[in-house]
Structure formats: structure tokens, C-alpha cells
1. The conditions are (1) at positive phi; (2) assigned to a helix (DSSP H, G or I), and CYS13 fails exactly one of them. Which is it?
2. Suppose we keep only residues that are free of Cβ contacts under 8 Å to residues at least 24 places away in the same chain, part of a helix (DSSP H, G or I) and not aliphatic (A, V, I, L, M) within the stretch 76-101. Which one would you say is surrounded by the fewest Cβ atoms within 10 Å (Cβ to Cβ)?
3. When residues of the stretch 54-74 are filtered for being among the small types (Gly, Ala, Ser) and without any contact (Cβ under 8 Å) to a residue 12 or more places away in the chain, how many remain?
4. From the list THR28, THR18, pick out the single residue that is part of a helix (DSSP H, G or I) and among the hydroxyl-bearing types (Ser, Thr, Tyr).
5. Are there any pairs, at least 6 apart or on different chains, whose C-beta atoms fall under 8 Å, with the first in the stretch 1-12 and under 19 Å from VAL103 (Cβ atoms) and the second not in a helix (DSSP H, G or I), and if so, which?
Amino acid sequence: MKSWLILLCAVVCEVVGTSAIKYSEGFTKVIPSIVVFVAFGMAFYILSISLKVIPIGMAYAVWSGLGIVLISIIGHFVFSQRLDAPAFIGMSFILAGVVIMQVFSKAVAH
């Protein structure tokens, strides 16, 4: 369970870095640009720690799936990028896929 929390921390760092890219305005703003590099550095370091226990395919599926959903939610609420019904349906499929892998896949078991 601890390794999954570590992976979640990596995802959060990745989402922070991705959000900061928007604020960096093409890396022309210093502070947001620094946040991008620090957040992504932390994200990949923390991801590497989780990979000591979690299979890489499973970790990447969770990383990318949750990252897509979280950054879409941030885009909606922070950057006023409105999502339509197909976007929400697609994100629900992504979340369902992550849950199905976690609950039913033997790839998670060690």
C-alpha cells in the first residue's frame, strides 16, 4: 500500500509540473519555469521509488490515467477550459480502467 501512496505523490508532482507549464508561458516566466523543473524532477524520482515494488506497466498506466484525469480537472476549474460530456465520459473510462486493473489484474500481485 505504501508504494501506491508513493506513486500517487509522483502523480501529484507531475500534475503540478504540468500546470506550471501553462503558467510559464513558454518558459519565459522564471518562477513557474523553476516549478516545472523541480516538480518533474521530484515526480520522476518518486516514480522510480515506487517502481521498486510496482510493475512498470501497472505504474505507468496509473501514472498516465490519473495524470490525465487530474490535469483535465485542473484545466476545467483553474484555466476555465470547459469539458463536455464526451470528455467526462472518456475520463470515467480511464478511471474505470485503473480501478479494474487494481481490483482484478494479477499483474499487481507479487
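Bear in mind that the values in this text are calculations on the coordinates, not laboratory data. If you're wondering where the values come from, they're calculated on a predicted model, not measured in any experiment. Cβ coordinates were reconstructed from backbone atoms using ideal geometry, including for glycine residues, and neighbour counts include every protein chain displayed.
1. Single failed check for CYS13: (1).
2. Going through the qualifying residues, I end up with PRO86.
3. Residues in the stretch 54-74 being among the small types (Gly, Ala, Ser) and without any contact (Cβ under 8 Å) to a residue 12 or more places away in the chain: 1 in total.
4. THR18
5. Pairs found: SER3/LYS52; SER3/VAL53; SER3/ILE54; TRP4/ILE54; LEU7/ILE54.
Conditions (1) over 24 Å from PHE93 (Cβ atoms); (2) more than 13 Å from the chain's Cα centre (by Cα), marked per residue:
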| position | (1), (2) |
| --- | --- |
| PHE40 | yes, no |
| VAL53 | yes, yes |
| ALA61 | no, no |
| GLY67 | no, no |
| ILE74 | no, no |
